[in-house]
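Everything below concerns the one structure shown next.
None of the figures in this text is laboratory data; all of them are computed from the coordinates on show. Predicted model, so just to flag it, every value in this text is computed and none were measured. Cβ coordinates were reconstructed from backbone atoms using ideal geometry, including for glycine residues, and neighbour counts include every protein chain displayed.
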Amino acid sequence: MYVRLLYLGFKIYCFIFRPVRMGVRVMMIRDNKVWLVRHTYVSGWYLPGGGPKRGETLADTARREAFEETGAQLDDIALMGMYTNFVQWKTDHTVVFTCKDFSITGKPDGEIAEMRAFPMDELPADVFPSHRLRLDEVRAAVIIPQFGEW
């Protein structure tokens, strides 16, 4: 309940101040499965990720967020691209990394209601649309734009 109220407060903040934000997402794929998370404060399935802390690189952010949200230790990561959206009165820039070499050594933190690996061709219906778009591009093995709309 508390996290949901904070999320509502954040949406009000965005409506008033129209912030420009930066964040990362990590596409953890192995054996044709992708690891997705479901948050406690918003519905749907998402790629793990979040915002950088002061003094943190985007790659370090990807590693920290993947560990916090899935318990995964990431080995080699690769930059997939940078995407922008203008939804909910804010400008979000999202840097997407891919990782095929990882190990689950911990558990998700309290922000995560559930974490699961899904076959790439059996994604849940409620995957967040921009995340589904990037996953569909990877699954179809198309040339993926390295920047564009999220």
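Of the set (1) touching a His at 6+ places or on another chain (Cβ under 6 Å); (2) surrounded by fewer than 18 Cβ atoms within 10 Å (Cβ to Cβ), all apply to Tyr41 but (1).
Among the residues of region 65-83, write down those that are touching an Asp or Glu at 6+ places or on another chain (Cβ under 6 Å) and either closer than 19 Å to Arg132 by Cα or surrounded by fewer than 16 Cβ atoms within 10 Å (Cβ to Cβ) (or both). Answer for region 65-83, where residues must be touching an Asp or Glu at 6+ places or on another chain (Cβ under 6 Å) and either closer than 19 Å to Arg132 by Cα or surrounded by fewer than 16 Cβ atoms within 10 Å (Cβ to Cβ) (or both): Asp75, Asp76. Restricting the first member to region 6-20 and to residues that are in contact (Cβ under 8 Å) with a residue 60 or more places away in the chain, and the second to residues that are in a helix (DSSP H, G or I) and surrounded by 11 or more Cβ atoms within 10 Å (Cβ to Cβ), the beta-carbon pairs closer than 9 Å and six or more apart or on different chains are Pro19/Tyr13.
The criterion of being of a type in the set (Asp, Glu) and under 22 Å from His39 (Cβ atoms) does not hold for Asp76.
Within region 81-129, being over 21 Å from Val42 (Cβ atoms) and of a type in the set (Val, Ile, Thr) holds for Thr98, Ile104, Thr105.
Residues that are farther than 20 Å from Val3 by Cα and in contact (Cβ under 8 Å) with a residue 40 or more places away in the chain within region 22-35 comprise Met22, Val24, Arg25, Val26, Met27, Met28, Ile29, Arg30, Asn32, Lys33, Val34, Trp35, listed in sequence order.
Listed here are the residues, each with its yes/no results for (1) out of contact with any Ser or Thr (no Cβ under 6 Å at 6 or more places or on another chain); (2) loosely packed, with under 14 Cβ neighbours inside 10 Å; (3) of a type outside the set (Gly, Ala, Ser).
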site	(1), (2), (3)
Trp45	yes, no, yes
Gly49	yes, no, no
Arg63	yes, no, yes
Trp89	yes, no, yes
Ala113	no, yes, no
Ala140	yes, yes, no
